[in-house]
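Here's the structure, in structure tokens; my notes come after.
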Amino acid sequence: MKLDAPVMQEEELVERIRVLLPSITEHAAQAEQERKPVDSVMKSLEDAGVYKFFVPKRYGGYEFGLETFMDIGVMLGESCLSTAWVTTFCMEHNWLLSLYNREAQDDIFGKQPYIIAPGALAPKGTATPVDGGYRISGRWEWATGVMHADWVMVGALTPTEDPKKPDLCMYLIPRDEVNVIDTWHVAGMVGTGSNDIEVEDVFVPGHRKQSIVDMRDGSSPGALFHDSPIYKMPMMPVLGLTAAAPAVGGARQAVALFRERLQERSVYGTADKQSQRAMAQARLGHAQVAVETAEVALKNIARTVVHWGESGKPCPEIERAHLRLKIAHVVREARDVVRDVVEASGSHAHFLTSPLQRTLRDMHTLSAHTVFDLDVGGELYGRLLLGLPANAPV
């Protein structure tokens, strides 16, 4: 344990990341070409200390708060959506590990300061009980972070005393015991490298298993083990915010690029710059306010999630569904901002050399993430408002 670790302030970490933003922006096109975050960029973020953000202080981590995490996600998203997505996910997955039992945390955080791990939590695997643990097999999609990982987190249905009610559990497996399958050929978020992963009959000690059900409302083993309220926050809203912050940053980037574009673009058949036209001015004004509104909403949701952690009470299912839907609306608003400004940016915005077209593709792909599904989220929250049982996990 590392209780005497040097104290890092949140503002210092934010400033370290801010210094890296020009380089992250400069390498955004390369990340897309390589279909994964650029190695040197990921190394610079790692060296800055981003992955210690949520690691408990008792293990030498920073134990920082959710609102600053939102600031970092937005900043990174304004530079490169793919790099931001991978970075925020891998930061947050250290928070997930902090919800595990103490033995698992002592085992991993006691040996290394943080993990870099994808979290492929869909129940695509099988877990067979054996002496001392489980044998895990399966194949999972969307392994964001795997191209720079040292661990992976995967979901598997696990037998219980009732054969009809298996438990959905998360298992921690070393990266070198996992096969990466090159499937990430996509239209947007190309630079995340979110390939498939596969394991075959891999042994996982029992302490590296954690029931996801026990993590949903903020009453996980880690919530009891650690004093800080950040480990008592409900899981699904935190996951949703992790993915939403880069989206708001992407919208901010698009508005800034649109503003620059208005200064340069001539209106066909006239001597006017587009910036002189009232319609363009109005579109810019509406876009700026829309992205500011989305960011305010994002931070308000984060404060609500923090409140539930500080309350010491389990977050009710209906409140988790409410938060999920609000987060989805933030991302929809951010995506629509990007659509609106690209629509008015002319054909040059669609050249592959234009960051605007990449941001548009990224936002369309990002907003398709299951946690942002407005139909599912709306139905779920509506059912709970009517006193009906939930029909989706939350």
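The values are calculated or read from the model by the stated rules, or taken from the named source; none is laboratory data. Keep in mind that this is a model prediction, so the values were computed, not measured. With ideal geometry, Cβ positions are generated from the backbone for all residues, glycine too; neighbour counts draw on all protein chains shown.
Annotations
- Test: residue in region 58-73 that is touching a residue at least 24 places away in the same chain (Cβ under 8 Å), under 16 Å from Arg16 (Cβ atoms), in contact with a Pro (Cβ under 8 Å, 6 or more places away or on another chain) and part of a helix (DSSP H, G or I): yes
- In region 87-118, the residues that are within 15 Å of the chain's Cα centre (by Cα), without any contact (Cβ under 8 Å) to a residue 60 or more places away in the chain and more than 11 Å from Phe54 (Cα to Cα): Thr87, Ala117
- Residue that is surrounded by the fewest Cβ atoms within 10 Å (Cβ to Cβ) [pool: residues in region 155-183 that are of a type in the set (Ser, Thr, Tyr) and in contact (Cβ under 8 Å) with a residue 12 or more places away in the chain]: Thr183
Yes/no matrix, rows are residues, columns are (1) exposed (fewer than 15 other Cβ atoms within 10 Å of the Cβ); (2) more than 22 Å from Glu78 (Cβ to Cβ):
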residue	(1), (2)
Gly250	no, no
Arg277	no, yes
Ala282	yes, yes
Ala287	no, no
Asn300	yes, no
Ser311	yes, yes
Arg335	no, no
Ala344	no, no
Ser347	yes, yes
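- Criterion: touching a residue at least 60 places away in the same chain (Cβ under 8 Å) and crowded, with 21+ Cβ neighbours inside 10 Å - qualifying residue of Leu241, Leu257: Leu241
- Leading residue by the ranking (surrounded by the most Cβ atoms within 10 Å (Cβ to Cβ)) among those in region 130-154 that are more than 28 Å from Glu46 (Cβ to Cβ) and in contact with a helix residue (DSSP H, G or I) (Cβ under 9 Å, 6 or more places away or on another chain): Tyr134
- For region 161-174, the set of residues classified as of a type in the set (D, E, K, R) and in a strand (DSSP E or B) consists of Asp167 only.
A quick yes/no check of all residues on (1) over 18 Å from the mean Cα position of the chain (by Cα); (2) more than 25 Å from Leu257 (Cα to Cα); (3) surrounded by fewer than 23 Cβ atoms within 10 Å (Cβ to Cβ):
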position	(1), (2), (3)
Thr25	yes, no, yes
Ala29	yes, no, yes
Gln33	yes, no, yes
Pro37	no, no, no
Ser44	yes, yes, yes
Asp47	yes, yes, yes
Val55	no, yes, no
Tyr59	yes, yes, no
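- Among the conditions (1) crowded, with 22+ Cβ neighbours inside 10 Å; (2) at pLDDT below 95, the only one that Asp272 does not satisfy is (1).
- Residue, nearest to Ala328 (Cα to Cα), within region 376-394, restricted to residues that are of a type in the set (Gly, Ala, Ser) and part of a loop (DSSP other than H, G, I, E, B): Ala392
- None of Gly240, Gly222, Gly188, Gly250 is in a loop (DSSP other than H, G, I, E, B) and either in contact with a Phe, Trp or Tyr (Cβ under 7 Å, 6 or more places away or on another chain) or under 30 Å from Thr359 (Cβ atoms) (or both) except Gly188.
- So Leu356, is it in contact with a Leu (Cβ under 9 Å, 6 or more places away or on another chain), more than 19 Å from Arg259 (Cβ to Cβ) and assigned by TED's automatic domain parsing to the domain that holds Gly240: no
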